[in-house]
Amino acid sequence: MKKLILLIALLVSSFTQAQFRPEQLKSLTQAQANSFANDVATNAKTQWEFVQAKESLNGDYYIVSYSSGEKTFKIVFNVFYEGQNKALEIVGTKTYRFYEVWGSYLDLFPTWKKVFRPDAELEKTVDDFNSQELINRPAKINFKLKGSDDEWHITNWS
């Protein structure tokens, strides 16, 4: 009976876990931004431990930081107020847009494949520029996986 309850709980949790799509990364709540950052860190080859999540001093960026001892891993979001109109004194809703993450190729590729390019292949994508971009002009989506050696980044150019 306990095994059945555990199995049901695991199935339910797997269905409720967020599966992000590129178009969603343009407009997130803080909770969604944290969830996406956690997904990126969890999918990485390196075992990252959460350190902190905070806004930059001027409030333009929200940075979620992880550490593996000697290395750090940061997922950066732009912060803006959707619907804001200063002339009409409309504050708007605080919104987060995925901006960038830096790391090793093997740390970033699982997220690239899961979220951006499900057709990407680990070895081919290293050298294939077409596999390193996701561009959808009608949807105004432009994400790139770029880098060399041990410095890679996924950047939102949308």
Just list whichever of Lys26/Lys113; Lys54/Lys114; Lys71/Lys124; Lys94/Lys146 have alpha carbons separated by over 22 Å in the model shown. Lys54/Lys114; Lys71/Lys124; Lys94/Lys146
If you build a Gaussian network model of the chain, linking Cα atoms that sit under 10 Å apart, which residue out of Lys86, Lys54, Lys114 swings the most? Lys86
Relative contact order in percent for the chain (Cα pairs under 8 Å, 6+ apart) equals 19
Result for the chain: accessible area per residue, probe 1.4 angstrom, in square angstrom, of 64
Sparse-neighbourhood loop hits (GluC sites (Glu not before Pro), region 86-158; DSSP loop; Cβ within 10 Å at most 16 others) -> Glu89, Glu121
Neighbours of Thr42 by Cβ distance under 13 Å: Lys/Arg at +1, Asp/Glu at -1, summed charge -1
Quick one: what are the phi-derived ³J(HN,Hα) couplings along region 27-33, Karplus 6.51/-1.76/1.60 with θ = phi - 60°, whole Hz, x for glycine and proline? 8, 10, 7, 5, 4, 5, 4
Give me the net charge of Val115's neighbourhood, meaning all other residues with Cβ under 15 Å from the Cβ of Val115; Lys, Arg count +1, Asp, Glu -1. +1
With a ≥ b ≥ c the root eigenvalues of the C-alpha gyration tensor of region 44-158, is it rounded (a/c under 1.5), prolate (a/b larger than b/c) or oblate? oblate
What order do you get for 72-79, 136-143 when each peptide is scored by the mean count of other beta carbon atoms within 10 Å, highest first? 72-79, 136-143
What FRET efficiency, computed as 1/(1 + (r/R0)^6) with R0 = 41 Å and r the Cβ-Cβ distance, is obtained for Ser68 and Ile90, rounded to the nearest 0.05? 0.45
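Treating only the Cβ of Lys, Arg, Asp and Glu as charged (+1, +1, -1, -1), what charge dipole size does the chain show about its Cα centre? Round to the nearest 20 debye.
The dipole magnitude comes to about 600 debye.
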Charge-dipole axis of the chain as Lys and Arg at +1 and Asp and Glu at -1 on Cβ define it, positive-most pick from Asn43, Ile90, Leu106: Ile90
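The values are calculated or read from the model by the stated rules, or taken from the named source; none is laboratory data. Treat the numbers as computed from the prediction; the structure is a model and nothing was measured. For neighbour counting, all protein chains shown are included, and Cβ atoms are generated from backbone atoms with ideal geometry for every residue, glycine included. Ligands, DNA and RNA are excluded from the accessible area calculation, which covers all protein heavy atoms including side chains. Shrake-Rupley method; radii C 1.70, N 1.55, O 1.52, S 1.80 Å.
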